[in-house]
Amino acid sequence: MRRDEEPGRDREPDRDEGPGGEPGGARAEGAGPFTTRLTWRSAEGGTAVWESRAVRKLGALTVRAAHEAEAVLRPADRRTLARLRLLNALAAITFTAGGALFAAGASLAIAAPGEVIATTVTYFTGGMFFNTGGYVSLLQTLNAPRRSADGDRLEPVPWRWWSYEPMRIDWLGTFLLFVGTLVFGVNLLDSFLQGLTTQQAARLVWAPDVIGCVLFLISGQLALAEVCHGRSGIRVHDLGWWIVAVNLAGSALFMLAAVADLVTPGSESTVSLAVANWGTLAGALCFAGAGVLQGFEHP
């Protein structure tokens, strides 16, 4: 997909065409092959802006009428907004609950290291919430509105449980997030196994943990590129940026904990149990905090 292509349309405009195929030349921004923001002159003579995250989370375009200094949001239909609001609430609740349970599991591992079963059950329950949150985030992407034929409005799409759209940055980011939660689920399920050798533990428990962390990190980087339109920087007044940044910090802490949890060959102990537990605790609190913030990013 070229940078100047419009997401969600069957026919893509040429470089010298506007967003609806008319002459005018829409200005596209993004990261790599992904378009995250598209700006064009609206039919009313003003300026309209499509942003990937704003459409997916808020269900709205940004429109500034001719001779007007302030831009306003032009929302999708009420049914689509209600759908996005519900999906966002579910994602926020499940990620907050999953992060809180992971934090409880890490706290239990620190305070009562002998309570292995209780800790594992707590982690596994938290993982189920993460699985749900990951899939709901993907559903929000699948069912976000698309630009109309004239380019100045958002139109609803039929409800979908699945689609394959790897050249959309929001689809790829949420898909990798969901797969990461599933891989974590394998790790957490295998944690119930007892009497594993060092090699078995590395293959069944540690490897899925690391793979899940890598997928989380890639998803977080895509989300950051989506918010910043391919440019790095701190956006203090952007709620979406804070959500992405806190989630990315949590992913990095989970990766640190996973590396520290490796049992080295010839040894029965991890690289650093303290780093593994405290890293998990801090990362889980980041995910729970981002879940709370996500509850405020809705139509």
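The values are calculated or read from the model by the stated rules, or taken from the named source; none is laboratory data. Treat the numbers as computed from the prediction; the structure is a model and nothing was measured. Cβ placement follows ideal geometry from the backbone for every residue including glycine, while neighbour counts extend to all protein chains displayed. All accessible areas refer to the heavy atoms of the entire protein, side chains included, with ligands and DNA or RNA removed. Shrake-Rupley method; radii C 1.70, N 1.55, O 1.52, S 1.80 Å.
Table for the structure above
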{"item": "Qualifying residue in region 222-231 (condition: touching a residue at least 12 places away in the same chain (Cβ under 8 Å), open to solvent by 30 Å² or more (accessible area, probe 1.4 Å) and of a type in the set (Val, Ile, Thr))", "result": "no"}
{"item": "Close pairs (8 angstrom Cβ cut-off, 6 or more residues apart or separate chains): over 13 Å from CYS213 (Cβ atoms) and modelled with pLDDT under 90 in region 270-288, small (Gly, Ala, Ser) and crowded, with 21+ Cβ neighbours inside 10 Å anywhere", "result": "THR270/ALA276"}
{"item": "Residue list for region 179-190, filter: open to solvent by less than 40 Å² (accessible area, probe 1.4 Å) and either in a loop (DSSP other than H, G, I, E, B) or not β-branched (Val, Ile, Thr) (or both)", "result": "GLY180, PHE184, GLY185, ASN187, LEU188, ASP190"}
{"item": "Which numbered condition ASN88 fails, given (1) open to solvent by less than 50 Å² (accessible area, probe 1.4 Å); (2) assigned to a strand (DSSP E or B)", "result": "(2)"}
{"item": "In region 123-151, residue modelled with the lowest pLDDT [restricted to those that are open to solvent by 10 Å² or more (accessible area, probe 1.4 Å) and assigned to a loop (DSSP other than H, G, I, E, B)]", "result": "ASP150"}
{"item": "Given (1) surrounded by fewer than 16 Cβ atoms within 10 Å (Cβ to Cβ); (2) farther than 30 Å from THR62 by Cα; (3) in contact with an Asp or Glu (Cβ under 9 Å, 6 or more places away or on another chain), number of the condition GLY114 does not satisfy", "result": "(3)"}
{"item": "Residue that is least open to solvent (accessible area, probe 1.4 Å) [pool: residues in region 152-178 that are in contact with a strand residue (DSSP E or B) (Cβ under 9 Å, 6 or more places away or on another chain) and of a type in the set (Val, Ile, Thr)]", "result": "ILE169"}
{"item": "Of all residues making up region 50-80, the number that are within 18 Å of ASP238 (Cβ to Cβ), in a loop (DSSP other than H, G, I, E, B) and modelled with pLDDT of 90 or more", "result": "1"}
{"item": "Breaking point among (1) in contact with a helix residue (DSSP H, G or I) (Cβ under 7 Å, 6 or more places away or on another chain); (2) part of a strand (DSSP E or B), for ALA109", "result": "(2)"}
